[in-house]
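Scroll down for the structure; my scribbles are underneath it.
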Amino acid sequence: MEYLTLLISAILVNNFVLVQFLGLCPFMGVSNKLETAIGMSAATIFVLTLSSICSYLTYAYLLEPLGLEYLDIIAFIVVIAVVVQFTEMVVHKTSPLLHRVLGVFLPLITTNCAVLGVALLNINKQHDFIHSALFGFGAAVGFSLVLILFAAMRERLNVADVPAPFNGAAIGMITAGLMSLAFMGFAGLV
Amino acid sequence: MSHMLDWAAQYPFFAAVIVLVMLCALFGALLGFASIKFAVEGNPLVDQINAVLPQTQCGQCGYPGCKPYAEAITNGDAINKCPPGGEAGIQALADLLDVEAIPLDAEHGEENVTTVAYIREAECIGCTKCIQACPVDAILGAAKMMHTVIASECTGCDLCVEPCPVDCIDMLAEATNVQSWSWQLPASTPTSHLIATDRGRGQAA
């Protein structure tokens, strides 16, 4: 039950994009086509879960015993970058099919602030190992949900009769704002 | 282990430096090892196409960058989705892939490069044919004398390229500066409507 609460909280109530405003660049950037949005989502789920596990391990077994907690940001950046690059190489070699789906998005996510945000929030909220992994997974699922919904909306917006001044990014921003309002409505859920 | 912890507590600065250096060295070694162990022979065609693309990484083609678009082309995507590359880029791709050059797909944006004619003066024979062709009198010269283009007058119409018997006129892209920069207006609404309308067709009978 506790795990379920954590998941729902990460996916809906504290949605990383629409409520905490993390990871906005891929949210606006990769949401033009539903297909790319799905690829990006899959890659994000993969990377976020993996990187929250790895950064938790780094913190709990390296930084904390040595009393170097203040190095968390720089250590996490290094850990996340290496984990992403390493998995990209392994996936490229072992599974060309999976690489075709995830490949181009993996390096893009390395610098996504949501990834670092999850790692830091895990420390902040004093999650243990399983909680960290679940929180990372939940955050990524929430991100994917919003990204895919938004991409589907933008595909429809492309054929809609939008007034000229609002064409393109402007109507995208407005749509994102309205979605954010809607997601704020989950606030009382957990 | 406890000995190490005591030492780290005693010299926190050195402990931090050593930990970071070790971490980076370890990860660097790991990545170096992985790049050899998991090396993949890239598709040479993708690299060739990627070399032709302008590397603006603008994403106007609908892909996240030039490399993904190059891969999409090898998988059969159309070659006319790159506005920064323009017609010249499409032509280069068509030559490389041995297919027919097709006009730029307007859906992905328009080529917005202003060009200026440039005469390679060493090769000019002074025939004055380009002077006669120029609609704005931007070419200076006399018979059997070297000609040159007044860049500030040239409109980039490339009408002078065709008559030149020695092909010494190049159309060069004009670098954007404060004078030539213009605000890009948002694209006006397309003429196609979702719902059929007779607005703008004049008065109904």
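A short reminder: the numbers here are calculations on the coordinates, not readings from a lab. Computed from a prediction, not measured in an experiment: that's the story for all the values here. No Cβ is skipped: glycine too gets one built from the backbone with ideal geometry, and neighbour counts run over all protein chains shown.
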Convex hull around the C-alpha positions of the range B:1-129: the volume in Å³ per residue is 260 Å³
Listed residues A:ALA42, A:ALA119, A:ALA169; largest mean-square fluctuation, Gaussian network over chain A with Cα springs below 10 Å, found at A:ALA169
Lys and Arg at +1, Asp and Glu at -1: neighbours of B:VAL136 with Cβ under 14 Å from its Cβ sum to -3
Output ordering of B:28-35, A:47-54, A:63-70, A:5-12 (per-residue mean of other Cβ within 10 Å, highest first) is A:47-54, A:5-12, A:63-70, B:28-35
Once both label points are put 7 Å beyond Cα along the C-beta direction, the A:ASN158-B:GLU107 separation in nm becomes 0.7 nm
Yeah, the range A:86-190 with a ≥ b ≥ c from its alpha-carbon gyration tensor (a/c under 1.5 is rounded, else prolate when a/b outruns b/c, oblate otherwise) is oblate
In this structure, the FRET efficiency calculated for B:PHE14 and A:PHE21 from their beta-carbon separation, with R0 = 30 Å, to the nearest 0.05, is 0.20
Chain A: relative contact order from alpha carbon pairs under 8 Å, six or more residues apart, as a whole percent, is 43 percent
Sorted on mean Cβ neighbours within 10 Å (highest first), peptides A:106-113, B:149-156 come out as A:106-113, B:149-156
Placing each pseudo-label 7 Å from Cα in the direction of the beta carbon, B:GLU153 and B:ASP170 end up separated by a distance in nanometres of 2.3 nm
Semi-axes of the protein assembly as shown from the Cα gyration tensor (sqrt of 5 times each eigenvalue, largest first, whole Å) come to 52, 31, 19
With label points set 7 Å from each Cα along the Cα-to-Cβ direction at A:VAL90 and B:ALA88, the distance between them in nm comes to 4.6 nm
Mean separation of Cα contacts under 8 Å (at least 6 apart) over the residue count of the range B:71-160, i.e. the relative contact order in percent, is 22 percent
The local net charge around B:PRO165, scoring Lys/Arg +1 and Asp/Glu -1 for residues other than B:PRO165 whose Cβ lies under 14 Å from its Cβ, equals 0
Kirkwood radius from Cα pairs of chain A plugged into Stokes-Einstein at 20 °C, 1.002 mPa s, gives D in µm²/s equal to 124 µm²/s
Taking Rh as the Kirkwood radius computed over alpha-carbon pairs of the range B:30-94 and applying Stokes-Einstein at 4 °C with viscosity 1.567 mPa s, one gets a diffusion coefficient in µm² s⁻¹ of 102 µm²/s
Expected sort for B:96-107, A:151-162, A:24-35 on mean C-beta neighbours within 10 Å, highest first, is A:24-35, A:151-162, B:96-107
